[in-house]
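Reviewing the structure listed below.
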Amino acid sequence: MPLLSRRDLDFLLFEWLDVERLPRRERYAEHSRETFDAILDLSARLAEERFLTHYKKADREEPVLRDGAVRVIPEIREAVAAYAQAGLLAAPFDAALGGAQLPHVVHTASMAHFMAANVATAAYPMLTAANARLIAAFGTPSQIAAFVGPQLEGRYLGTMCLSEPQAGSSLADITTRAVPDGEDALGRRYRLSGSKMWISGGDHDLSENIVHLVLAKAPGPDGRLIPGTKGISLFIVPKFLPAGSEAPGARNDVTVAGLNHKMGYRGTTNCLLNLGEGVAHRPLGSAGAVGWLVGEAGAGLALMFHMMNEARIAVGLGAAMLGYRGYLLSLEYARQRPQGRPLAAKDPAAPPVPIIRHPDVKRMLLAQKAYAEGALALLLYCARLVDEELTAQTEAERRNASALLGLLTPVAKTWPSEWGLAANDLAIQVHGGYGYTRDFDVEQLYRDNRLNPIHEGTTGIQALDLLGRKILRDRGEAFARLREEVARTEAAAAADPALAGFRQQLASAWDRLGRVAQDLVELGGDERALWNATAYLSAFGHAVVGWIWLGQARRASASLAAAGKDEAFYRGKLRACRYFFEYEMPKIGSWLDVVASLTDVAAGMPDESF
Amino acid sequence: MKLLVAVKRVVDFNVKVRVKADKSGVETANVKMSMNPFDEIAVEEAVRMKEAGVASEIVAVSLGVAQCQETIRTALAMGADRGILVQTDAELQPLAVAKLLKAVIEKEQPKLVILGKQAIDDDCNQTGQMLAALLGWAQGTFASKVKVEGEQLLVTREVDGGLETVRLKLPAVVTTDLRLNEPRYASLPNIMKAKKKPIDTLTPEALGVDVTPRLVTLKVEEPPKRQAGKKVGSVQELLDKLRNEARVI
């Protein structure tokens with residue numbers, strides 16, 4: 001069974017997002033529909049033959065910590081190596097860095113296959129590419145030579161080290177210290193000491209070296225760490241000192257203090273790392289993890305967000321694809337599993353029907369289709385914005401794309417995480433008791449997906465980001481740009497009488513979303529505005545995906561009229577859109593009621609009354 | 001040494017094939033097509049020979065509709081140097097394919113031709129043998145190991161009783177079995193390079209080959225659905241059913 005519907009992917013890329021036009025832009029001139037197809041074929045095959053094959057084994061046989069080193073099953077190494085050898089790690093990077101300048105939207109579609117096949121193994125190349133992109137953007141030429149090239153070849157793998165045991169969501173409170181240690185060919189050198197928690201890919205036996213990007217604070221003149229986020233700087237801390245350093249191959253003072261034993265996502269090692277213990281390893285003759293400063297001192301958090309934003313979108317993609325795979329698995333199961341008879345059937349001796357014939361099973365499948373395909377479409381739209389940000393003709397268009405991407409990032413991360421998980425819940429339900437057993441994949445999909453509303457910023461943090469930073473502090477400017485895009489889709493749908501109802505429903509949802517946001521802006525920094533931020537994010541996310549669905553439906557309706565073939569596919573799109581507007585869009589009103597009321601029901605609950 | 005590999009465009013091995021409503025054949029509209037897996041093994045073997053310095057040039061040939069170009073591109077992305085498409089919309093049966101390949105081979109003069117032992121769509125397992133006979137060349141079929149020794153070729157064949165090794169004089173025709181090698185994935189940089197490699201297009205007419213089918217397909221049917229099993233009450237009943245229902249004894 002395929003990992004995803006290629007028909008759907010082709011529809012999203014080539015009918016809805018018009019990706020075939022991208023090769024007209026200089027950056028993508030070497031590409032064409034033919035290479036895009038070949039890359040998607042390659043991705044499907046590699047994902048099925050190298051990633052899917054150890055999906056369950058990597059869950060069953062967790063990484064182990066032995067003699068201070070983390071070991072994983074060999075299949076993960078083979079998969080990551082095959083991915084890199086196929087040139088997919090380097091694919092979207094500049095030709096000057098050895099990349100193929102593949103459009104991000106096509107690279108995202110490629111990555112979707114690997115996420116669907118094995119999200120935990122796919123995390124290694126995902127983190128590595130994001131790490132390399134940060135260094136490529138902000139590193140010095142010697143840092144780029146030392147770390148980016150080997151990462152794009154898959155010889156080094158990357159991580160991001162933000163959280164500490166006492167500071168996760170609140171990065172202002174980190175206490176890892178970075179003390180200046182002179183300067184060498186790789187830049188301003190520091191010695192780091194402290195602990196970093198929840199480090200995915202923090203240690204393993206998959207690659208020659210591991211490149212940690214670490215947030216730490218350099219002490220001020222008084223020897224104390226600067227409070228808040230302003231004191232945070234970003235450092236490259238490799239497991240082994242690289243070529244170009246003073247002691248190539250020397251083991252850095254980074255040790256694994258422990259492995260976290262997770263509910264899912266088990267193939268991705270997750271470590272507590274100690275920096276600067278000075279016991280097992282003393283690089284260049286003294287204690288302290290050697291790290292090189294990236295960019296300016298004190299600018300660390302802003303730089304890290306370069307990687308963080310990419311990781312957030314990748315989290316959304318993983319969540320979408322877990323939802324997608326659960327949808328396809330439960331669809332296949334429902335078509336094959338005979339059980340019960342039609343509601344109106346009178347004859348108890350009649351043969352049972354496949355459960356897909358039962359209305360409630362259809363409802364659960366349609367909900368999954370609406371969530372999974374809606375989420376994938378949202379992520380591809382965002383990836384298309386990355387391409388616009390990079391290659392649109394005018395500065396104004398590029399800025400517009402950046403603003404939209406910034407506003408949509410918390411949605412791209414959260415909506416698939418919340419609703420992809422809801423889809424996985426339904427996939428188990430469709431399987432009944434079998435879905436609750438480990439004989440089927442859907443329980444693992446659910447466990448794997450349960451991480452996604454947590455890491456790279458929890459849903460609560462995303463809600464504060466969306467409402468606090470991206471709407472209130474922005475005074476609704478990016479919101480207004482997105483509203484224009486929505487209005488454009490509304491206008492395009494206006495000519496289609498079949499979509500008129502949805503168009504009106506969408507317009508009124510967005511108008512109310514805008515009014516509520518305006519009311520909150522006018523509270524002028526009153527904290528009540530953020531009391532129910534998560535409900536606002538829920539409403540906003542649904543309104544965004546409603547817009548994405550109307551866009552797909554308009555395209556499907558036009559293609560259906562023009563092509564006259566593939567009718568079942570296009571009717572499926574239209575039906576999923578209808579499901580979304582009938583079942584899901586009405587939820588927006590109740591979420592916004594809560595936000596608009598400024599209720600203190602949760603915020604005002606006294607601790608002792610719980 | 002110049003090599004020629006033949007690659008066929010077939011319904012992808014992952015696709016569950018369906019018979020057309022009029023029973024004239026298998027449904028290929030809107031179905032994913034890809035290179036016959038045995039032919040991938042042929043391309044891989046040729047590329048390995050080139051990497052080992054044994055082969056100097058690899059020409060990938062496909063025959064059929066215009067979209068066979070995609071199959072040739074896959075071979076080029078795996079490492080073949082150039083392609084030839086013999087384009088026709090006509091139904092091509094193994095004898096016609098062998099004749100067309102012979103005509104191409106006479107133009108190209110390769111020393112070795114590698115083909116899949118069969119295609120997964122019609123499972124004919126005839127083309128390689130017919131081609132060798134038409135050319136009057138030696139043949140090593142069902143190869144699980146191929147080694148060039150000067151002007152000779154050692155081919156280990158998978159036969160019913162085990163493995164048989166034959167020594168062939170070049171030029172020769174080899175057909176591949178599954179265990180010959182594990183084909184590589186075409187990498188993204190090689191996919192990009194393949195775009196720039198040349199593909200020539202020929203036609204059966206230009207090659208002077210009559211491709212008129214010699215066989216007529218009467219009808220294509222799905223295999224019968226497996227019937228549910230039945231529990232029998234006694235040996236007597238079993239014998240009775242075997243005799244009168246299944247009619248096997």
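Of note:
- Some residue of the range A:571-580 being at pLDDT 95 or above, surrounded by 13 or more Cβ atoms within 10 Å (Cβ to Cβ), more than 20 Å from A:ALA493 (Cβ to Cβ) and in the same structural domain as A:VAL521 (by TED's automatic domain parsing): no
- Residue, farthest from A:GLN505 (Cα to Cα), within the range A:534-585, restricted to residues that are more than 23 Å from the chain's Cα centre (by Cα) and acidic (Asp, Glu): A:ASP566
- Exactly one residue among A:ALA500, A:ALA568, A:ALA493, A:ALA561 is surrounded by 13 or more Cβ atoms within 10 Å (Cβ to Cβ), in a helix (DSSP H, G or I) and either touching a Gly at 6+ places or on another chain (Cβ under 8 Å) or among the hydrophobic types (A, V, I, L, M, F, W, C) (or both), and that residue is A:ALA493.
- Filter result for A:GLY158 (without any contact (Cβ under 8 Å) to a residue 24 or more places away in the chain and part of a strand (DSSP E or B)): no
- Counting the residues of the range B:19-38 that are more than 20 Å from A:GLU34 (Cα to Cα), more than 14 Å from chain A (Cβ to nearest Cβ) and not β-branched (Val, Ile, Thr) gives 7.
- Some residue of the range A:195-202 being at negative phi, touching an Asp or Glu at 6+ places or on another chain (Cβ under 6 Å) and of a type in the set (Gly, Ala, Ser): yes
- Filter result for B:ARG73 (over 15 Å from the mean Cα position of the chain (by Cα) and under 15 Å from B:VAL5 (Cβ atoms)): yes
- Counting only strands (runs of 3 or more DSSP E) that sit wholly inside the range B:1-49, those with at least 1 residues that are in contact (Cβ under 8 Å) with a residue 60 or more places away in the chain are B:2-6, B:9-11.
- Selection status of A:LEU134, within 13 Å of chain B (Cβ to nearest Cβ), surrounded by 24 or more Cβ atoms within 10 Å (Cβ to Cβ) and not aromatic (Phe, Trp, Tyr): no
- Test: residue in the range A:68-81 that is among the basic types (Lys, Arg) and facing another protein chain (nearest Cβ under 10 Å): no
- Considering residues of the range B:141-196 that are within 14 Å of another protein chain (Cβ to nearest Cβ) and in a loop (DSSP other than H, G, I, E, B) only, the residue surrounded by the most Cβ atoms within 10 Å (Cβ to Cβ): B:ALA186
- Filter pass, B:ALA98 being in contact with a Ser or Thr (Cβ under 8 Å, 6 or more places away or on another chain), at pLDDT 95 or above, in a helix (DSSP H, G or I) and among the aliphatic types (A, V, I, L, M): yes
- Single residue of the range A:82-131 satisfying the filter (touching a Lys or Arg at 6+ places or on another chain (Cβ under 7 Å) and surrounded by 24 or more Cβ atoms within 10 Å (Cβ to Cβ)) that is nearest to A:GLU153 (Cα to Cα): A:ALA120
- The listed residues are A:MET111, A:MET115, and the only one of them that is in a helix (DSSP H, G or I), more than 14 Å from chain B (Cβ to nearest Cβ) and touching a helix residue (DSSP H, G or I) at 6+ places or on another chain (Cβ under 7 Å) turns out to be A:MET115.
- Sole residue being within 19 Å of A:GLY551 (Cα to Cα) and in contact with a helix residue (DSSP H, G or I) (Cβ under 8 Å, 6 or more places away or on another chain), chosen from A:LEU322, A:LEU380: A:LEU380
- Helices (runs of 4 or more DSSP H) fully within the range A:1-63 counting 1 or more residues that are more than 20 Å from A:LEU322 (Cα to Cα), within 13 Å of chain B (Cβ to nearest Cβ) and small (Gly, Ala, Ser): A:33-46
- One residue from B:LYS225, B:LYS219, B:LYS230, B:LYS241 being within 14 Å of chain A (Cβ to nearest Cβ) and more than 22 Å from B:GLY128 (Cβ to Cβ): B:LYS225
- Apart from one condition, A:ILE144 fits all of (1) of a type outside the set (Ser, Thr, Tyr); (2) touching a strand residue (DSSP E or B) at 6+ places or on another chain (Cβ under 7 Å); (3) over 30 Å from A:TYR55 (Cα atoms); the exception is (2).
- Matching residues, the range A:503-549, being in contact with a Phe, Trp or Tyr (Cβ under 9 Å, 6 or more places away or on another chain) and not in a helix (DSSP H, G or I): A:ASN532
The values are calculated or read from the model by the stated rules, or taken from the named source; none is laboratory data. Just so we're clear, the structure is a prediction, and the values are computed from it rather than from any experiment. Counting neighbours? That spans all protein chains shown, and the Cβs are built from the backbone with ideal geometry, glycine included.
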